[in-house]
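Heads up, the thing below is written out as structure tokens.
The values are calculated or read from the model by the stated rules, or taken from the named source; none is laboratory data. Because the structure is predicted, anything quoted here is derived from the model rather than measured. Please note that ligands, DNA and RNA were not included when accessible areas were found on the heavy atoms of the full protein model with its side chains. Shrake-Rupley method; radii C 1.70, N 1.55, O 1.52, S 1.80 Å.
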Amino acid sequence: MNAALYLRVSTVDKGQNVQVQEEPLRAWVERLGYEPVVYAEDGISGATTSRPVLDLMMMVVRRREVQAVAVWKLDRLGRSLAHLLQLLGEFEANGVRLLVHGMAIDTSTPQGKLFFSMVGAFSEFERALIAERVKDGMAHAKRHGTKTGRPIGRPKAQVDFSTIFDTMLENPELSVAAAARRWKVSRGWFYDHVVPMLREKGQEKGQEKEA
């Protein structure tokens, strides 16, 4: 009898390798009387339902060339409940026993099948919570201008417009670039918010002189 050892580490599993999973799984299935056949994927996310090595292993399952599939933990096989249940259905249809080492799950028993469904549901729920937190974080970052949530460039300055207007009108030689540096704002911001009002004030003063 053969048992497929499905091993997987993703890019976020820093410092891990498939050998960490292989050695205990190999010893376990050999104790159960199986000949281990290794199927290993490195740097592949469990959220991806179609994976090269997983797809290859499932072809072997459908040809009934293995009698069991062993994984280190349930999330190594899949992250969504729908995908896990789909795989379980194929295992059952082909007389394949699923063994999950880290959770002591054996789907050849009614208790194992029930526990598999329960754990899968909780795994999907946890993933949904993580996705929700990421979504909230991205929304927060978008409001603040960057992916990290930190504002782009200089923080928004508290500007006293009346001081700027008085200073600029009293010092016409003061350039926009120098004024922007002085009040710690960008030149673009100065042109958009200050220059139009300065022009307006200048026109008002001109009208007063004419009057």
At 1.4 Å probe size, with every protein chain present, just tell me what the per residue accessible area of segment 35-125 comes to in Å².
47 Å²
Rounded to the nearest whole Å³, what is the per residue volume of the convex hull around the Cα atoms of segment 43-125?
83 Å³
Along each of the three principal axes of the Cα atoms of segment 1-66, give the extent in whole Å, ordering the values from largest to smallest.
34, 25, 12
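Fully extended, how many nm does the chain gain between GLU35 and ASP55 (0.36 nm per residue separation, minus their Cα-Cα distance)?
Extra length from GLU35 to ASP55 when fully extended: 5.2 nm.
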Apply the Karplus parameterisation 6.51 cos²θ - 1.76 cosθ + 1.60, with θ equal to phi minus 60°, to every residue of segment 83-89 and state each ³J(HN,Hα) to the nearest whole Hz, in sequence, with x for glycine and proline.
5, 4, 5, 4, 5, 4, x
